[in-house]
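Colleague: Before I ask anything, here is the structure I am working with.
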Amino acid sequence: MADKDTTEDLDGLTDDERRKRGRSPDPVLPGQQAPKANPPRPVAVSFWLWLGGGVLLILSYVQLLSSKSAIIDQIVKATHDPKITPEAIADGVTNVLWYLLGGSVVFTLLFLLFAYKAREGTRSARTVLTILPIVMVLLIFTVAPILNYLTLASILVFVIAVVLLYLPSVTGYFPKAGPKQ
């Protein structure tokens, strides 16, 4: 049986470091400060990439919204059904672009929340950051495949950020939960 950790050995550890040792998270009492995480460089860089990619994603839909007349013109020219009026197309495109902009803001906030938690060493946050961009890309390509170069650049930034979270040098920073004691 492994040696029991003493209270002094557990002081100042993050919640996940305590879980790795098989202990429950240390409660933070009112007036106390939570232990400060010290992430490896790739995890810290990944956090800033999530922020930058989110800003690029929002900017991409702001740009698409600002050039919506060109998008509407392309769709009107490509539509040969006399039942669909240009006004209906304009309304639909405008609504879709506003929904995409709102969605990009929501995804960016989620990315930042989970990137912050991953920076603290939370393994489940890393998993969510792996799945969330996949969901985002599937939604973009299936719901409204309206893309520009900024959208593609943000997707590339998100891929790089995910890869940084899975480098061999940071695996120990995301511990599995230890056995119950």
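Colleague: Only one of (1) surrounded by 17 or more Cβ atoms within 10 Å (Cβ to Cβ); (2) touching a Ser or Thr at 6+ places or on another chain (Cβ under 8 Å); (3) among the β-branched types (Val, Ile, Thr) fails for residue 71. Which number is that?
Modeller: (2)
Colleague: Enumerate the pairs (first residue in region 139-153 and over 16 Å from residue 65 (Cβ atoms); second residue anywhere and among the hydrophobic types (A, V, I, L, M, F, W, C) and modelled with pLDDT under 80) with beta-carbon separation below 9 Å, excluding pairs fewer than 6 apart on the same chain, so at least 6 apart or on different chains.
Modeller: From region 139-153, the pairs are 141/147.
Colleague: Further question: Can you tell which of 75, 71 is farther than 30 Å from residue 173 by Cβ, touching a residue at least 60 places away in the same chain (Cβ under 8 Å) and touching a helix residue (DSSP H, G or I) at 6+ places or on another chain (Cβ under 8 Å)?
Modeller: Checking each option against the conditions leaves just 71.
Colleague: Starting from residues that are charged (D, E, K, R) and in a helix (DSSP H, G or I), keep the ones in region 60-103 and report whichever is nearest to residue 140 (Cα to Cα).
Modeller: Taking the candidates together, the pick is 68.
Colleague: Go through 167, 150, 132 for me and flag whichever is under 15 Å from the mean Cα position of the chain (by Cα) and closer than 18 Å to residue 48 by Cα.
Modeller: Of the residues listed, the single one that is under 15 Å from the mean Cα position of the chain (by Cα) and closer than 18 Å to residue 48 by Cα is 132.
The values are calculated or read from the model by the stated rules, or taken from the named source; none is laboratory data. Only a predicted model underlies this, so the values are computations on that prediction, with no experimental measurement involved. Cβ: placed from backbone, ideal geometry, glycine included. Neighbour counts: every protein chain shown.
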